[in-house]
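Read-outs throughout are calculated quantities, based only on the coordinates presented, and are distinct from any laboratory measurement. Not measured: the values here are computed from a predicted model. Quick reminder, even Gly has a Cβ in these numbers, built from the backbone with ideal geometry, and neighbours come from all protein chains shown.
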Amino acid sequence: MADILDWTNAHLDTLDTALYEKRADEMAVRLQQETGAGKLPFLTMPYAAQLRKDLDGLKDFLRKFDHMLLLGIGGSALGARALQKAFYPRQDQPGHDGPSLWIADNVDTYALEAYLAKLPPKKTVVVTVSKSGGTIETVGQYFILKEWMKGHLGDDWHRNMLLVTDEEQGFLRGEVNEYGIRALPVPDNLGGRYSVLSAVGLIPALFLGMDVESLMAGAQEVVAPLADPGLTGDTLAGHSAFRLAVWGAALQDKGFAELIFFTYIPLWASFGDWFAQLWAESLGKEGRGSQPVPAVGVTDQHSVNQMFMDGVRNKACLFLTCPNLPAGPKFPTDLPDKFAYVRGKEFGELIQAEGLGTRMALSKSGVPLVEMRLGADSPRQAGKLIGLLGAATILCGWLMGINPLDQPAVELGKRLAKARMDAEGLAEEKADLKSFLNT
Ligand code: PA5
């Protein structure tokens, strides 16, 4: 795999990376074991034949619709949004004549009412994505959309629904079984934040017309060597995902509490949100981990960058660039002398110069920085990035001695919210709530 990482300003000499580098053999064995046991579908999905078959089987069905309303939250939505914003940025703007994807990933009354009022039921497919099949923010919207479809389509309501959920368990699987709703599975052992390359992210991508094969091929290039049964410690030691994981673990040992994800591909800003969830939910455990901070150039140069440059010295940075962005229009040649330096130059040159300036300034101010340089802003490169960051996150968790695949802390808030809505059981949470509210 051609390395997309530039380590020049990573401050490797000031970090104790050797501590982790020497664990490459151990990590290679663990990768082999867990992949062999089917525990790491993130590494095998991009070349899963069944997934391709499932997606092929959906193509004709999806073609019938102009709108897709995706109900999902967290990992069940953020990957799809990142792909949508990066590759179909104008799909919800005037003049757009292709399919439209709407992502409902909040308990947002205004948005929901707008969907109910404006979407044409016959030409809309409602895709409900929930691995557990029980997330109330998602399932709650499903209940409402189900009634809406019934009201408009009568007995045919289920023909415009698609469910993406666990193969065997959960409330939504029950709905599939009871009503014969079309469904695709989320593989076992695949957490939401690692699921963008499964049906979870690929159905919306396919609907929008994305070259899903290229996306998967890009990811495969990165993850296939990690899932290879013949993987050795030496091969792993040279792999970008392992190197990034080592860097991440060593940074946090030195007190770098924040990891900025600064992208200079403006349309890829939503990958920052995707990465933030991936890194935070996977690694923020047992009082450890670095807080991911998404930022987009050049907008955030004129906002939070002051803090990045000159605030608390606890920040490191992943800096995403692409030297081959569209050039855009040229600046007029008769600009005033004050702006002579841009006369006749392409608009796109400006963001490259600004990216270079910020990257250099951050480096000079002592922020350890790894540049991720993509050859193009294409689905294939997006696949590479997803594969790289997902694998690095898993490996970083292992190096830190924590489980990167669970998210125990976010469960408490969910249980308390349920208790507040008077869900059955939850006696302890209800008592806690009572005392918290002094009632
Ligand atoms: O990454 C995760 O596991 C979470 O963010 C989940 O995706 C999120 O909580 C939604 O869960 P579910 O897909 O079960 O509805």
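For region 356-439, the spread of Cα positions along the three principal axes, ordered from largest to smallest, is 56, 32, 29 Å. Close lysine pairs were tallied over region 64-154: pairs 8 or more places apart or on different chains with Cα atoms under 21 Å apart number 12. Per the Debye calculation on region 50-115 with a single equal scatterer at every Cα and no solvent contribution, log₁₀ I(q)/I(0) for q = 0.13, 0.19 Å⁻¹ amounts to -0.44, -0.93. Look at the alpha carbon pairs under 8 Å that are at least 6 residues apart: their mean separation over the length of the chain gives a relative contact order of 21 percent. As a proxy for reagent exposure, ranking 338, 150 by other Cβ atoms within 10 Å from fewest up yields 338, 150. On full extension, the segment bounded by residue 310 and residue 213 gains 30.6 nm, given 0.36 nm per residue less the C-alpha separation. Could you list 317, 322 in order of exposure, starting from the residue whose Cβ has the fewest other Cβ atoms within 10 Å? Placing the least packed residue first, the sequence is 322, 317. Straight-line cross-link reach from residue 254 at under 27 Å between alpha-carbon atoms covers these lysines, not counting any fewer than eight positions away in the same chain: 22, 285, 315, 364. The charge dipole of region 132-266, taken about its Cα centre with unit charges on the Cβ atoms of Lys, Arg (+1), Asp and Glu (-1) only, comes to about 280 debye. The distance between label points at residue 179 and residue 14 comes to 5.7 nm (points 7 Å beyond Cα on the Cα→Cβ vector).
Debye-formula intensities of the chain, expressed as log10 I(q)/I(0) at q = 0.12 Å⁻¹, are -1.08 (one equal scatterer per alpha-carbon, no solvent).
Calculate the spin-label point distance for residue 114 paired with residue 335, positioning each point 7 Å from the Cα along the beta-carbon direction, and give it in nanometres. In this crude spin-label approximation the distance works out to 3.5 nm. Footprinting exposure proxy ranking of 232, 44, fewest other C-beta atoms within 10 angstrom first, gives 232, 44. Estimate the FRET efficiency between residue 96 and residue 428 by the formula 1/(1 + (r/R0)^6), using the beta-carbon distance for r and 51 Å for R0, to the nearest 0.05. The computed FRET efficiency comes out at 0.50. Could you point to the residue in 140, 187, 157 farthest towards the positive end of region 140-189's charge dipole, with +1 and -1 charges on the Cβ of Lys/Arg and Asp/Glu respectively? Of 140, 187, 157, it is 157.
To the nearest 0.05, how large is the calculated FRET efficiency for residue 361 and residue 155 if R₀ is 60 Å and r is the Cβ-Cβ distance? Plugging the Cβ-Cβ distance into 1/(1 + (r/R0)^6) gives 0.45.
Think of each Lys and Arg Cβ as +1 and each Asp and Glu Cβ as -1; about the Cα centre, that makes the dipole of the chain roughly 540 debye.
Cross-link partners of residue 330 among lysines, defined as those whose alpha carbon lies under 19 angstrom from its own and excluding same-chain residues fewer than eight positions apart: 338, 345.
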